[in-house]
Every structure is written in C-alpha cells, then in structure tokens.
Amino acid sequence: WRPSLLHKVVSVPPSSDKQFNPTERPPTILPAARSTLHARYSTRDWHHANMVQLKGSEASRYRAGRLNADSMRLMQNKDQLTYQMQDDSRRNLGERISNIDFWRSELIYELECLLKEIQALEIAKKRLECAADEMEGPLKVALECLYHREKRKGIDLVHDDVEKNLIKEVDVFKDCQEILTKLAQKISQQLGINRDAQHALEQDLSDKNSAHFIDEKCFNLRNTSDSINFYHGVEKADGTISVPSTWAKFSEDNIRCSQHARANSIKLREDAEVGLESTSEEMWNHFISTNLAFNNRIAEVADSKNKLQAQLAKILQEIFQTEDTIMLLERSIKAKEYPLKVAQTRLEGRTKRPNIELCRDAPQFQLVTEVYTIDDTLQTLKQRLQEAHDTLQMLILNKSKLEHEISVKANSFFIDKMCMDVRKVFPSTPRLIGY
C-alpha cells in the first residue's frame, strides 16, 4: 500500500527509450540544464502530505488497537465458554457414570439374588424328582401285595380292610407322585422364566458395562489426549433410541421382572417343601394304617381257622338241630296260611261294597298291608326252609368243606404274613422328602 500523493510524486513517466530503474543512479543535472527544471510541489503540499500520512497512520493504528483488544476479549470469552462447556460436558458425563454405577450395582445385586434363587429352585426340583422316584418302591410293594392277595382262595377273596387300605395306599402313592411331578414341572417352567429374567439382567448389565467403559473413557479425555480427532458431521447424526426416563425404566422393569420371578420361585419352593412334607407324612400314615390292617386281618384269619376247627366237632349236633328247624319252619308256614286266607277273604268281600262305599279306608290299608306282610313272611319262611334243606344236605359234606376252608385260611394266613415280610422295607422320611 502506498499513499496516492507519494505515488503521484514518484510515478514519473519513463522516457520513451529507457525504463526507470530505481536501483540505478539518477542522472546528474548539469548546471546548464538547471534553468529548465522547476519545483513540482510546494512546502505547503509537503506539510499537508506529511500530516495526512500521520493521520492515516494514526487512524490505522487506532483501528488495529481496537481490533486487537476486541479480539483478545473475544478470545477470552470464547475460551471461557469453551472451557465452561467442556466442564459441563465432563460434569454431565460424571453424573451419567454415577447413574450407570447405581443401576449397575442394582443389576448386580438382583442378578446375584436371582442366581441364588435359581440354584435353590434347581435343588428343590431335584428333591421333588428324587422323592417321586423314591415312591416307586413302596408303590411296587403295594401292588405286589395286591397281586399276592389275589392268590387267596374261595371266600377269603374278600374285599377286606387290608385290600381297601392297599388300594387306597396305591392311589395315595400315585397321587403323591403326581403332585410332586406336577410341582417339578411347574418349577421347570419357572426356571425357564428365571433364566429369561437372568438373560435380560445379564444383557442389561453387559450394556451398562460397555456404556460405563465408553463414558469413562470419554470422561477421561483431555485436550492433550492422543486419541482425539476431528469427526465432522458427527453432531448431526442422532442414533439414540431412549431418553433418561425410558433408559431408567428399562432397567427398573428388568429388576421388577426378576423380583417377580424370584417371588414366584420362593412360593414354588415353599409349595414344594410343604408338598414333600405332606406327601411323606401321608404315605407314612397310610403305610402304618395298612400294616395295622394286615395285623388285624392275620389275627382274624387265625381266629377264624381256630373256630373252623372247633366247628368241625359240632357237625353232628348241627344236623339234628337243622332237622328240628325244618320241622318248625314247615309248621310255621302251615300256620300262616289261615291268616292269609282270612285277610284275602276280607278284601274280596269288601270289593262288593256298593258305589261310594268302595272307600280306601283304614281297614282297607290295614288288610292290604296284612296280606303283603303275610305273603312276604311266607316267602321268607319258604326261602329259609329251602335253605334249611340245603344246609341239611350240605352238612354231610361239611366236614370236607371245613377242612378245605381250614386250608384256605392257612393259605390266606401265609400270604398275609409274606406280604408283611415284604413290607418291612419302607423309605425313611429324609428319602421321602428328597434327600
């Protein structure tokens, strides 16, 4: 930049034959030619040019000073704003890391509780399965006793208390086994739910760990760090899929789901414990009840056998008594014919009453009842008479039948004693509750 005045002063048009060269020495003006020269500017112009030059320089210096001062203030303000924004970002990152630490600790605690609950639930499932398998032995013993008792003969094939208890015992064992199996199936389903909750917690915890590592790395970045670089346009890309409220709610929902699963697991474990204890107690009660019925039945069979042997000696006396009974029954049947005739004759006579007199009165009811009663009595007496005849015919063969019955009782006695020997082995209570 050159002032215009100076430019006008020094910009002398070059001669036609030679260019002006500032490095060359100006030509010497000879005294003879000095009269041809004249002054180009006046002193006033010279002072004015100097004054303009100074004023322009002063104005330029003033503007440059203001620009420098404003620039310094601007740089200080922007530096302060930049440092403040960087501090705010670092503080927000620190708060975010604290939030992540909080939820991560909550997830870790819940995950540990859930893992312990899963382990306890698996132990309960194994106990249920072991208890259900342990019931196979007593169930087979009860069925074997029923099969052995089918070998009883004759009248001893009776649906007695022992058989009732054995059938009930089989049903109870099957019901207990079914209860424990269903509880084990429920626990299997709950274990699947617990593992889903565990997977959600582990995935959330893994994401929290990754986010914590990234945010901590960002938190530790400084202006002097080596890993910083320009990523133009990254501020325009928004790949976020949650806000702080939904972010916190996601972990809260995972924890709540895990807590709900743990509560259900605890209830199932309590149900399993109650089921194991109740089924064990019920099985022992039925086992003791069946053994008591066996002992009573063995005593009854032994007593019956002794009575049959005593009865064998009274066969002849029973024959005479049966003949007397037949004679008395025939006399009684004969005696009932006349009252029946009287009642029927009265009814037949009353059917001849005229018109409205055919009344279903008390005598009519009484006569009808009398006829039915006497007829029923006759049928009963005749049936009893036939039985007496049959009994008389059978008394001759009763000795052999008694001997046969005695052998039957001995067979039943042997079978029940054998069943009692088989039933001596029964699982202990710890084994019945899955240990």
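Look at the stretch 136-153: where a residue is open to solvent by less than 30 Å² (accessible area, probe 1.4 Å) and a partner is acidic (Asp, Glu) and assigned to a helix (DSSP H, G or I), sitting 6+ places away or on another chain with Cβ atoms under 6 Å, you get 142/169.
Only residues that are under 12 Å from the mean Cα position of the chain (by Cα), over 16 Å from residue 109 (Cα atoms) and free of Cβ contacts under 8 Å to residues at least 60 places away in the same chain were counted across the stretch 238-271, and they come to 1. Residue count for the stretch 194-251, restricted to those that are in a helix (DSSP H, G or I), at pLDDT 85 or above and among the charged types (D, E, K, R): 10.
Mind checking which residues of the stretch 340-366 are in a helix (DSSP H, G or I), more than 25 Å from residue 379 (Cα to Cα) and acidic (Asp, Glu)? Result: 357, single match. Would you say residue 129 is over 30 Å from residue 248 (Cβ atoms), part of a helix (DSSP H, G or I) and of a type in the set (Asp, Glu)? Yes.
Is it fair to say residue 380 is open to solvent by less than 80 Å² (accessible area, probe 1.4 Å), modelled with pLDDT of 80 or more, part of a helix (DSSP H, G or I) and β-branched (Val, Ile, Thr)?
yes
Being surrounded by 14 or more Cβ atoms within 10 Å (Cβ to Cβ), over 54 Å from the mean Cα position of the chain (by Cα) and of a type outside the set (Phe, Trp, Tyr) is a property that residue 49 has. Only one of the numbered conditions (1) open to solvent by 30 Å² or more (accessible area, probe 1.4 Å); (2) more than 31 Å from the chain's Cα centre (by Cα); (3) assigned by the TED database to the domain that holds residue 263 is not met by residue 156, and that is (1).
The values are calculated or read from the model by the stated rules, or taken from the named source; none is laboratory data. Computed from a prediction, not measured in an experiment: that's the story for all the values here. As a convention, Cβ positions derive from the backbone with ideal geometry for all residues, glycine included, and neighbour counts pool all protein chains shown. Heavy atoms of the whole protein, side chains included, go into the accessibility calculation; ligands, DNA and RNA do not. Shrake-Rupley method; radii C 1.70, N 1.55, O 1.52, S 1.80 Å.
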